[in-house]
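Here's the structure, in structure tokens; my notes come after.
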Amino acid sequence: MTKMTGPRTVEMTVSPDDKGLRIDQFLAARPEAGLTRSRARRLIDEGRVTAGGRAVKASHKVAAGEAVRLTVPAPEPLRLTGEDIPLDVVHEDADLLVINKPRGMVVHPAAGHDHGTLVNALLEHCRDLSGINDVLRPGIVHRLDRDTTGLLVVAKNDEAHLSLAAQLRDRRLKRRYLAIVSGGLKDERGVIEAPIARHPIDRKRMAVVEGGRPARTRFTVRERFTRATLVEAELDTGRTHQIRVHLSFIGHPVLGDPVYGPKKKAPFVEGQALHAWSIAFTHPRTGEELTFTAEPPPDFLALLEWLRTAK
């Protein structure tokens, strides 16, 4: 795979199945565009998207047969610096890495977290990452919360990033989590389907909100304890804090969760007892079906053992 460093132009024709979609929705759904909906809107606002040869607004609804042209500018020069931070690399090749992220590590720089992040560590480790996202998040296809541990995949070049992002969007990139939750779930398995958006009052939190973005989480009970349950959860969508919000919504918040969980701290763990234990996807270059797993960290396992012996 070659690394795409300059601007790129993508030309698409609207199919009958897509007619009537807002153009930002249309772009976000097309794998070759490689855009989130918010990124698509920014490019539309900058005049980088045309439909039928004319610049359009994000509210434009596409018509069957309409020619859509997208111009994505070259990534801005990266102003972040690499840092010599140890990484638990589960897999690495010329196109991607699979990282087992520890508790307490922020994935990408943000306000208040401009160093010590996974991106800083990756820049030191690989020196070169994809620029498909933006200057603050090179190579990052998906993320984990700071205190959620486990596996995530990172793209080394733009073609790999586009492929992995498309698999994530089409639900072909499978992510499974282990969570220790409060109380005993009634059912052995189930589906939580409830829309998620910013909390209407506390904007730092997410919540189940009518009119929010569709969100679906599947769960299976793995082990039951006196006052808690070990659950395996699988994401069908990837909303911010989705598993934490959904499990709290059904009355079984993740133990140790400082935002959505019980006020009483869980023993052993500093943060939510949530671990991304499995990730599966198709390799962007070879087409090979890959699956990786990682055992939960020692504090998660210590909490499990304590629950098994608690009366």
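Bear in mind that the values in this text are calculations on the coordinates, not laboratory data. These numbers come from a predicted model, not from an experiment. For neighbour counting, all protein chains shown are included, and Cβ atoms are generated from backbone atoms with ideal geometry for every residue, glycine included.
Summing charges over neighbours of Ala121, with a neighbour being any other residue whose Cβ is under 9 Å away from its Cβ, gives -3 when K and R count +1 and D and E count -1. Summing Cβ point charges (Lys, Arg +1; Asp, Glu -1) relative to the Cα centre of the chain gives a dipole of roughly 1220 debye. With R₀ fixed at 22 Å, the C-beta to C-beta distance from Asp114 to Phe292 puts the FRET efficiency at about 0.15. Among Lys263, Lys156, the order by Cβ neighbours within 10 angstrom, fewest to most, reads Lys263, Lys156. Extension gain for Lys263-Lys19 works out to 83.0 nm (0.36 nm per residue, less the C-alpha to C-alpha distance). The string of couplings for region 114-125 from the Karplus curve (6.51, -1.76, 1.60, θ = phi - 60°) is 9, 8, x, 8, 4, 4, 4, 5, 5, 4, 6, 6 Hz, one whole number per residue in order, with x for Gly and Pro.
Taking other C-beta atoms within 10 angstrom as a stand-in for reagent exposure, His142, His246, His115 fall in the order His115, His142, His246, fewest first.
A helix-only calculation puts the chain at -5500 deg cm²/dmol for mean residue ellipticity at 222 nm, using -39500 (n - 2.57) for each DSSP H run of at least four residues, averaged over all residues.
In a DSSP loop and with at most 15 other Cβ atoms within 10 Å, the GluC sites (Glu not before Pro) in region 10-60 are Glu32, Glu46. Ignoring solvent entirely, what values of log10 I(q)/I(0) come out of the Debye formula for the chain at 0.08, 0.09, 0.11, 0.14 Å⁻¹ when each Cα is a single scatterer? Once normalised to I(0) and log-transformed, intensities are -0.39, -0.50, -0.74, -1.15.
The lysines within cross-link reach of Lys57, meaning a Cα-to-Cα straight distance under 20 Å and a gap of 8 or more places when in the same chain, are Lys19.
The length gained on full extension between Arg222 and Glu83, counted as 0.36 nm times the residue separation minus their Cα-Cα distance, comes to 46.2 nm. For region 235-307, the set of GluC sites (Glu not before Pro) satisfying both a DSSP loop assignment and a count of at most 14 other C-beta atoms within 10 Å is given as Glu270, Glu288.
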